[in-house]
Structures are given as structure tokens and as C-alpha cells.
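Notes follow once the structure below has been shown.
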Amino acid sequence: MAGNIEHHIQNTVLQAAKMVEEQVDSELDKLDRMTTDEMEDLRDKRMEQLKKQEQQKREWLHKGHGQYTEIPGEKEFFKETKDSPRIVCHFFRNSTFRCKIVDKHLALLAPKHIEAKFVKVDAERCHFLVQRLNVRVLPTILLIKMVNSWIGS
């Protein structure tokens, strides 16, 4: 019985490997058949894509991404959320030891993930935000992603 199961698993893995090998071979054949002009077009598209990524990275860094900063008030919080499509927000209190631990880790993560802006908000100074966003326990990490922005009704 165990031998049959093992044999079946080996056959399944072998079939999967053959399928992957066929896909890789077809991609290699496709690349071999490409003309110089097609290769240049592919290279140009990739270069354009890399330029856009670099431009996006520069924009993020200009907006303060890559740093872990404290937002002093509620007005600044709303300004930050309008300016950046992805925000990691830590609601903290200075007297809470666990908040300091989270601070340390977010400070390490911020430079590694510039696609999101890392900020922290003092929960004792921003009562409206704490109430509005239902922050009940500290530390709280809130992930904000701007999907659509509607103005008016």
C-alpha cells in the first residue's frame, strides 16, 4: 500500500517537472526565434519600466517614505493620508513599554519598504482619530490603503 502511494507521488512529481520543463523549453525557443528588432523592443520596454520604477521611488522618498516619523496632530494625519496611497500607522503612548518595542521594529522596516509611509501618532494627543478609527488597545498598527478618492457626492 505504501509502495503504491510512493509510486503515485513520484509519477505526479515527474509529470509536473515535465510540464515545467516544456514551458521553459518553449520560452527558450521563443527567445531563440526573436529577431534583433524584437529584442531591442523588449529591451526598450524593460528600460522604460525600470525608469518608471526609479521615478516612483524618487517620488516616494521625496514624500518622506523610507523614514519612520511622528505625526504631531490630526490635521497632519489627514494630509499624510492624502499624499501617500499606503500608510502604516502606529498609535502609541509613551508610557506603554510594548509601544516602544513596536517603534523599534517599525523603524527597522521603514527603510526596507519605501512603497509605504511609516508614521506614528500619539494616541493621547489625537482623541478624535482614536475615537473615529476605533483604537481600543495600544499599541495599534493601522494599515491604510487609498483605493479610490471621491470628491463630492
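The values are calculated or read from the model by the stated rules, or taken from the named source; none is laboratory data. This is a predicted model, so every value here is computed, not measured. Every residue, glycine as well, gets a Cβ built from its backbone with ideal geometry; the counts of neighbours run over all protein chains shown.
Summary table below
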{"quantity": "Count of region 39-66 residues which are surrounded by 12 or more Cβ atoms within 10 Å (Cβ to Cβ) and farther than 28 Å from K82 by Cα", "calculated": "2"}
{"quantity": "Flag if S26 is surrounded by fewer than 11 Cβ atoms within 10 Å (Cβ to Cβ), outside any helix (DSSP H, G or I) and more than 29 Å from the chain's Cα centre (by Cα)", "calculated": "no"}
{"quantity": "Count of residues meeting criterion [surrounded by 16 or more Cβ atoms within 10 Å (Cβ to Cβ) and either in contact with a Lys or Arg (Cβ under 7 Å, 6 or more places away or on another chain) or of a type in the set (D, E) (or both)] in region 72-84", "calculated": "3"}
{"quantity": "Looking only at region 31-70, and only at residues there that are part of a helix (DSSP H, G or I), of a type outside the set (D, E, K, R) and more than 26 Å from the chain's Cα centre (by Cα), the one that is farthest from N94 (Cα to Cα)", "calculated": "T36"}
{"quantity": "Which listed residue is part of a helix (DSSP H, G or I) and either at pLDDT below 95 or acidic (D, E) (or both), from K100, K79", "calculated": "K79"}
